[in-house]
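Enquirer: Before anything else, here's the structure in question.
The values are calculated or read from the model by the stated rules, or taken from the named source; none is laboratory data. None of these values were measured; they are calculated from a predicted model. Cβ: placed from backbone, ideal geometry, glycine included. Neighbour counts: every protein chain shown. Calculation scope for accessible area: heavy atoms of the full protein, side chains included, ligands and nucleic acids excluded. Shrake-Rupley method; radii C 1.70, N 1.55, O 1.52, S 1.80 Å.
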Amino acid sequence: MPKFIRSLGYACSGIVLAVRSQRHMKIHTIAAVIVCAIGAMLPLTRLEWAVLLLTIAVVISLEMINTAIEHTVDLASPDIHPLAKAAKDVAAGAVLVAAFMAIIIGLLILGPPLWHFIMD
Ligand SMILES: Nc1ncnc2c1ncn2[C@@H]1O[C@H](COP(=O)(O)OP(=O)(O)OP(=O)(O)O)[C@@H](O)[C@H]1O
């Protein structure tokens, strides 16, 4: 099997593992599906779709990096250590920043057309 295909398989199993094992990944995935379903009902431009999809990708990718950091920290520092706490909390903070911005972007893009869709 070509190396590229094998690496692609490892990456896909990483995505499946993250969605199966992480509650927050499930929440992000469900939110992404809901946003795309709402978007499909609205007359969004290509640029608006691009921003929405990029935002979803950033949040989900950061959550996966956060998960990888959590696993790495648990492996490297099973005992309590302030640096382990700092690494985990900073990584979790990165996800929070992205998720908060994603909510604002979602409201900015979906809000006005959704309002018209509901009111018309
Ligand atoms: N080895 C450690 N040393 C010091 N603090 C830690 C260590 N492991 C976790 N913590 C801290 O304990 C708290 C909870 O950590 P935990 O890993 O359970 O995170 P969590 O947010 O509950 O993540 P998840 O639910 O995704 O597993 C966090 O503030 C984290 O920084």
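Enquirer: In segment 59-91, which residues are among the acidic types (Asp, Glu) and near the ligand (Cβ under 8 Å from one of its atoms)?
Expert: Glu70, Asp74, Asp79, Asp89
Enquirer: Going residue by residue through segment 92-113, is there one that turns out to be more than 24 Å from Leu47 (Cα to Cα), near the ligand (Cβ under 10 Å from one of its atoms), free of Cβ contacts under 8 Å to residues at least 60 places away in the same chain and in a helix (DSSP H, G or I)?
Expert: Looking through segment 92-113, at least one residue is more than 24 Å from Leu47 (Cα to Cα), near the ligand (Cβ under 10 Å from one of its atoms), free of Cβ contacts under 8 Å to residues at least 60 places away in the same chain and in a helix (DSSP H, G or I).
Enquirer: All but one of (1) part of a loop (DSSP other than H, G, I, E, B); (2) open to solvent by less than 90 Å² (accessible area, probe 1.4 Å) hold for Asp89; which doesn't?
Expert: (1) is the only condition that Asp89 fails.
Enquirer: When both residues are 6+ apart or on different chains and their Cβ atoms are under 6 Å apart, which pairs have a first residue that lies in segment 20-46 and is on the phi < 0 side of the Ramachandran plot, and a second that is modelled with pLDDT of 95 or more and open to solvent by 90 Å² or more (accessible area, probe 1.4 Å)?
Expert: none
Enquirer: Sticking with this structure for a sec: Out of Val51, Val58, I need the residue that is in a helix (DSSP H, G or I), over 20 Å from Gly14 (Cα atoms) and open to solvent by 50 Å² or more (accessible area, probe 1.4 Å). Which one?
Expert: The match here is Val51.
Enquirer: So is Val59 within 11 Å of the chain's Cα centre (by Cα) and under 20 Å from Ser21 (Cβ atoms) or not?
Expert: Criteria met by Val59.
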